[in-house]
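Below is one structure, written out as structure tokens; comments come after it.
The values are calculated or read from the model by the stated rules, or taken from the named source; none is laboratory data. Note that this is a predicted model, so its numbers are computed, not measured. Glycine also receives a Cβ, built like all others from the backbone with ideal geometry; neighbour counts cover every protein chain displayed. For the accessible areas, the whole protein counts, side chains as well, though only heavy atoms, and no ligand, DNA or RNA atoms are used. Shrake-Rupley method; radii C 1.70, N 1.55, O 1.52, S 1.80 Å.
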Amino acid sequence: MAIERRREGRPLPEENGSVPGAAAAPPGPPPGAGLGVGAEIQAVPPPPSSSSAACSPLLLDYDGSVLPFLGGLGGGYQRTLVLLTWVPALFIGFSKFSDSFLLDQPDFWCRQADGQQGDWNGSLVPPGHANRSSIFPPATALPGPGNASECDCHEWHYRIRAGLVQNVVSKWDLVCDSAWKVHIAKFSLLVGLIFGHLITGCIADWVGRRPVLLFSVIFILVFGLTVALSVNVTMFSTLRFFEGFCLAGIVLSLYALRIELCPPGHRFMITMVASFIEMAGQFLMPGLAALCRDWQVLQAVIICPFLLMLLYWVIFPESLRWLMATQQFEASKELIFQLTRKNRMNTESDIKGVVPELEKEIARRPKKVCIVKVVGTRNLWKNIVVLCVNSTAMGNDGVIGKYSQLPDSGMSDSVKDKFSTAFSIVGMFSSHAVGSLSVFFCAEITPTVIRGGGLGLVLASAGFGRLTAPIMELHNQKGYFLHHVIFACCTLICIICILLLPETPGEEHKPAGTKSKEHWLWSVLLISEGSTAGSPSPGK
């Protein structure tokens, strides 16, 4: 797409107002051609002859006319808004990583009715218990269906390794025959995230990013705090589904707002900062768990910071780029005046005449597009499918590194462990990088009118990839075929499919010798394929 336009000497279409298609538009565009599906955007559309004619090209050129008028990213108010999209990334990191602490499988042993210690199921003798009345006989395997006698216990004792004194597993004795409920609880958050990305993405394209953000914050407070009051694991799993659904709405709306605040040249840096802040939240979780000690307190501490985001309804405006793309020009005019006041700018600096053009187009009816209509655009649909495949294949970075058993190669155990750790780190880093790049790539190539739906598809695909981790745990980590055959084939398909992706807007203006995002995706995927191919094989 972009390459063909450049060869023909035509400028790239403005990504913010239309869904590009495969066929060229006729010389006289039909009503609504500016936002129609399956129609090519003209370089210079004819002036509108009526209220149903094509929109003014000046208003569709958001990055070339509207954003410079508002001061670009240099405006103080715009920088404040970008900072406000970064702060919740820390809370998002807490919530996404909470399963590793709330549902961590502890070491456990049984205290028999006479006060003596029974069988202990774990790999190490728990410290701090040596002065008990008896010594724990170590067990070599967890109890299974054939070891029913080992699960015949009236009182379990636990040693949790995730910094907590009590978590969900120890609260409701989710061991032995009840261990499968832990994996269902892990599924619930991921499935909630998947459905949340798909549904809230479409809603964000229809009603706006700001309402989705506000309602997601309100309901994550309701469901998240209620999770801490769960009376059984069924209630916990159900509420975690809705918590994941609302968390997806916050993630998606913030990502879209962050992208739409910035010109294309600054988007990558701003999204990377948000990713690093989210990663910092994951690194801080062990210390937070050690301070809270109890899983209910930890859950409340994770959710309560979202109370600060209720102020965003007053502080954060709707995305001006989305308002302009959907031709809501009356609301756009009010927001432009608000932004100029916040930045203390003079409206007389409007040398291109954005405000007068808005006045002419105010009577135009809003036009909104659903992501379903993208099926009629061959190139855009193809690109989104490629990115979804990339995200699904690379979403399994919680799976790499779960296995430490190498095939018999004559190396010592210490050398095997070092190779296992090294390959796992490289594989997880590469998988995470490709997943993040796929989401960012989708946000750049997808027009503003359907950006929420496109992001929802790619983020949901990454969630499907992450579902493989609890699935393999449910099957006692017997996932050799899934991990080493299915995902290896998907990675090879991803490498081939990257050739089908276009260059994102603005890449042709980079200095010579600078790598494009296609080259970065290609390079990282090759690293990921090499690391996963050499990663340790799981025990069968």
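Nearest 0.05, what FRET efficiency do Gln282 and Val165 give at R0 = 25 Å with Cβ-Cβ as r? Don't skip to the answer; put the middle values down first.
Numbers: r = 22 Å, r/R0 = 0.86.
The calculated FRET efficiency here is 0.70.
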message = With the crude spin-label approximation of a point 7 Å out along Cα→Cβ, what separation in nm comes out for Thr421 versus Leu311?
response = 4.3 nm
Cα point-scatterer Debye curve for the stretch 229-333, base-10 log of I(q)/I(0) at q = 0.11, 0.24 Å⁻¹ = -0.52, -1.42
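Residue separation times 0.36 nm, minus the C-alpha to C-alpha distance between Lys360 and Asp294: what's the value?
On the way: separation 66, 0.36 × 66 = 23.76 nm, distance 6.08 nm.
Residue separation times 0.36 nm, minus the Cα-Cα distance, leaves 17.7 nm.
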request  = Using a 1.4 Å probe and ignoring any ligands, DNA or RNA, find the accessible area of Arg161 and quote it in Å² to the nearest 10.
outcome  = 140 Å²
remark   = Over the stretch 286-373, with neighbouring protein chains present, the accessible area per residue in Å² at probe 1.4 Å is 53 Å²
ask   = With each pseudo-label sitting 7 Å past Cα toward Cβ, what's the Val222-Gln338 distance in nm, one decimal?
value = 2.5 nm
key: Order of exposure, largest accessible area first, which applies to Asp107, Asp61 with probe 1.4 Å   = Asp61, Asp107
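Classify the stretch 269-316 as rounded, prolate or oblate, taking a ≥ b ≥ c as the square roots of the eigenvalues of its Cα gyration tensor: rounded when a/c is under 1.5, otherwise prolate if a/b is larger than b/c and oblate if not. Display every interim value, and only then the final one.
Details: a/c = 4.65, a/b = 1.29, b/c = 3.59.
Oblate shape, in that a/c is at least 1.5 and b/c is the bigger or equal ratio.
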